[in-house]
Structure formats: structure tokens, C-alpha cells
Amino acid sequence: MLNGRVQGGFRGVKGLRQGDPISPLLFVLVMEYLTRLLQLGVQQKDFRYHPMCKSLKVINLCFADDLVIFCKANSSSAQVVKQVFEDFCNSTGLKANINKYQVFFGGVSTTVKDQLLQIFQLEEGTFPLKYLGIPMRPTKWKMADCGEILKKIKLRLHTWASRHLSYVGRTQLITSVLLGLRNYWMNILLLPQSIVKEVDKLCLWFLWGNNGM
């Protein structure tokens, strides 16, 4: 508009890019729509909840930019989920990146797996899977799963070993960093007792000036 007169229109050609401040809001709105579609889908008589989600009636969870959908491992439930997801894609214009999707099974026979993989047309995933750098599995953590925790702690110890730190300085680092790191993982997962003891041992070595060798 110029001097009160309309001079013409313009076309917006700039799209939404990754990292845009409005992206999280749009993601929440779109996932809310998908959640409502799923809630309508579960009302069909052919759908069955995942056994661990039935009491809470949970069918999906959203984390950051990721989506997890749960259902019982049978053909009818899988068909419902697939149909809901196709309706969602058609109505929003969004398209799933099949290369980033996987199906995870628990206590399912090979025959049933083959049937469900045929329905979803997705690759089967294996445990432990990593989410935000954290290995996840349906059972308790094993000693072999905790290598990343010990690796991070030993890396910090290696960096600090070359510095001339007082007893008080070492105590402060152990309390604020090493034990803080251990407690962070313990808040997320149930760590094996052997890992907790190993972390405590590394902290004691560092406190008394021993490099652990």
C-alpha cells in the first residue's frame, strides 16, 4: 500500500527451516493432531493396546523431534496404526522418511514379525537403541551397556591428571562433575551395582592422586 492505495500483492517464498524459533510450536501442534487421530483409531474394535500401555491407555509419545507409537503385536492393531498414519500424512501434506523409521518387537515369534514387517514396510530395529546419546533397552542395563559412562568419566580424569590440583580442588571436581555425571545417568536408568562401584573407585583414585594404573 502506498499513499493509501493498494499497489499489488507479494508471494512469500521463504519456507520454514530447521532451527527456526517457531519450529517447536509447529511440531507440538502437528503432533497434537496426530495424537487425536490415534485416539480415534484406538476406539476401533480391532485395535489392542501394548500390554505395558493398556492401563494408562498410552499409544504414542513425543520426544524433541521424535515419535514413538505403541500397539499390540498383531495384524489388526498394526493395520489401524498404519491407516491412521496414512490419513495424517494425506491431510497434512507431510511425508514420513521411511529410512528413519524402525519397528521394535518384544516377545514376538518370527512368523508374527514377518507379518507386521510386511504391513509396515519398515526395517526391524535392534536393542539397545540410542536416543539423544543414551542407549535404551526393554530390560535392565547390562555391564556392557555402560561403557559410555565410564568412558566419559575416564576422559575427564585424563584431562585433569595433568593439572596440579589441591585436595580441595579434586574434591570439588568429584562432587560437582563426576558424581553429578553418575547421578544424571542414575536418574534416567537403573545402573548395575558394579558400574556404581567402578565410578566410586575412579573417584577415590582421583581424590588421592592415583591415576588408576
**Complete:** For the stretch 180-200, pairs from a residue that is farther than 14 Å from GLU148 by Cα and of a type in the set (Ser, Thr, Tyr) to a residue that is assigned to a helix (DSSP H, G or I) and open to solvent by 60 Å² or more (accessible area, probe 1.4 Å), with Cβ under 6 Å and 6 or more apart or across chains, are SER194/MET143
**Item:** Contacts under 8 angstrom Cβ, first residue in the stretch 26-54 being free of Cβ contacts under 8 Å to residues at least 60 places away in the same chain and within 17 Å of SER75 (Cα to Cα), partner open to solvent by 50 Å² or more (accessible area, probe 1.4 Å) and polar (S, T, N, Q), 6 or more apart
**Value:** GLY41/GLN83; ASP46/GLN79
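Among the residues that make up the stretch 144-154, is at least one of them more than 30 Å from THR175 (Cβ to Cβ) and of a type in the set (Asp, Glu)? Before you say what the answer is, go through the steps one by one.
At the first step, the residues of the stretch 144-154 found to be more than 30 Å from THR175 (Cβ to Cβ) are none.
Within the stretch 144-154, none of the residues are more than 30 Å from THR175 (Cβ to Cβ) and of a type in the set (Asp, Glu).
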**Message:** Go through (1) open to solvent by 50 Å² or more (accessible area, probe 1.4 Å); (2) touching a strand residue (DSSP E or B) at 6+ places or on another chain (Cβ under 8 Å); (3) over 25 Å from SER23 (Cβ atoms) for ASP66 and report which single condition fails.
**Reply:** (3)
**Within the stretch 21-48, considering residues that are out of contact with any Ser or Thr (no Cβ under 8 Å at 6 or more places or on another chain) and part of a loop (DSSP other than H, G, I, E, B), the one farthest from THR92 (Cα to Cα)** = LYS45
**Leading residue by the ranking (surrounded by the most Cβ atoms within 10 Å (Cβ to Cβ)) among those in the stretch 86-99 that are at pLDDT 85 or above and assigned to a helix (DSSP H, G or I)** = PHE88
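Hey, among GLN102, GLN83, which residue is over 22 Å from the mean Cα position of the chain (by Cα) and open to solvent by 80 Å² or more (accessible area, probe 1.4 Å)? Show your work before the answer.
Numbers: GLN102 fails: over 22 Å from the mean Cα position of the chain (by Cα).
Step by step, each of GLN102, GLN83 is checked, and only GLN83 is over 22 Å from the mean Cα position of the chain (by Cα) and open to solvent by 80 Å² or more (accessible area, probe 1.4 Å).
The values are calculated or read from the model by the stated rules, or taken from the named source; none is laboratory data. Just so it is clear, the structure is predicted and the values come from calculations on it, not from any experiment. Note that we place each Cβ from the backbone using ideal geometry, even for glycine, and neighbour counts take in every protein chain shown. Keep in mind that these areas ignore ligands, DNA and RNA; they rest on the heavy atoms of the full protein, side chains included. Shrake-Rupley method; radii C 1.70, N 1.55, O 1.52, S 1.80 Å.
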